[in-house]
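The values are calculated or read from the model by the stated rules, or taken from the named source; none is laboratory data. Owing to the predicted nature of the structure, the values given are computational and were not obtained by experimental measurement. Every residue, glycine as well, gets a Cβ built from its backbone with ideal geometry; the counts of neighbours run over all protein chains shown.
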Amino acid sequence: MFFSRLENTDKDANLAYHKKIIIIFVRFFSGTDMTDSESTFRIRKSFLLPMGLVVLLAVILLASTVFLELPTGKVIILVILLIPTVALFIESLTRTISLTETTITIHKLLRTKALNFADLTAVDTIRVRKRVFISLSSETDFAIISNSYDDFGSLINQILERCPATVYGDDTRQMAKAPPRKSGDVFSAWLAAAVLLLIIVVQFRGAM
């Protein structure tokens, strides 16, 4: 009897260990944190990576402009361009959506909004080419979610599973099955990084 209980305990420990490993892999590769009661979705890594590179290169360009004692006007222009770029990157980096069985919480920089699924009166879909917006409305509040998040299809499906079936239509249900992938912002970020790198190279070559 003792050895039987010990064997069962070892099996439970192994199951718990493997479950933790699976959760870690899901978090790392999909950008989605999953626990027993909550799922968390973040902005796509495919966008955050080039945006972080843009910020880094912009800082290098500004530092090199000051170091090379280039005209003050150029420094001012770079500072003006750098401020919104850094703000966008930080905003994107900190933006998350957390789902529990009863609520959806949208975390943005310096602000948070929570809605109860039971209070929702409408879930609508707006599509503009490759961009998709999901609006969640209650009698007192609303929120809008775009397909900028990792694993957007899973995000929408989990929302629909928790919502009353009467608050969304067939168009939203069909979109959740095959959501479009937005790539224009990723391409623009990589293009901006390439342009900044080229400017830095030209600037240092000109100073030699």
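Tabulated data
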{"read-out": "Some residue of the stretch 131-152 being of a type in the set (Asp, Glu), assigned to a loop (DSSP other than H, G, I, E, B) and surrounded by fewer than 16 Cβ atoms within 10 Å (Cβ to Cβ)", "value": "yes"}
{"read-out": "Some residue of the stretch 82-103 being outside any loop (DSSP other than H, G, I, E, B), of a type in the set (Val, Ile, Thr), more than 21 Å from the chain's Cα centre (by Cα) and more than 15 Å from LEU196 (Cβ to Cβ)", "value": "no"}
{"read-out": "Some residue of the stretch 190-208 being free of Cβ contacts under 8 Å to residues at least 24 places away in the same chain and of a type in the set (S, T, N, Q)", "value": "no"}
{"read-out": "From the options GLU69, GLU38, residue that is of a type in the set (Asp, Glu), over 23 Å from MET175 (Cβ atoms) and loosely packed, with under 12 Cβ neighbours inside 10 Å", "value": "GLU69"}
{"read-out": "Residue count, the stretch 104-130 (criterion: out of contact with any strand residue (DSSP E or B) (no Cβ under 7 Å at 6 or more places or on another chain), assigned to a strand (DSSP E or B) and farther than 15 Å from ILE43 by Cβ)", "value": "3"}
{"read-out": "Of residues in the stretch 160-181 being touching a helix residue (DSSP H, G or I) at 6+ places or on another chain (Cβ under 8 Å) and of a type in the set (A, V, I, L, M), the one nearest to LEU136 (Cα to Cα)", "value": "LEU160"}
{"read-out": "PHE47 vs. criteria out of contact with any Leu (no Cβ under 6 Å at 6 or more places or on another chain), modelled with pLDDT of 60 or more and under 18 Å from SER188 (Cβ atoms)", "value": "yes"}
{"read-out": "Verdict on LEU120 being of a type in the set (A, V, I, L, M) and touching a Pro at 6+ places or on another chain (Cβ under 8 Å)", "value": "yes"}
{"read-out": "Number of the exception - ARG181 against (1) part of a loop (DSSP other than H, G, I, E, B); (2) touching a strand residue (DSSP E or B) at 6+ places or on another chain (Cβ under 6 Å)", "value": "(2)"}
{"read-out": "Selected residue [at pLDDT 50 or above and either in contact with a helix residue (DSSP H, G or I) (Cβ under 7 Å, 6 or more places away or on another chain) or part of a helix (DSSP H, G or I) (or both)] from ALA63, ALA13", "value": "ALA63"}
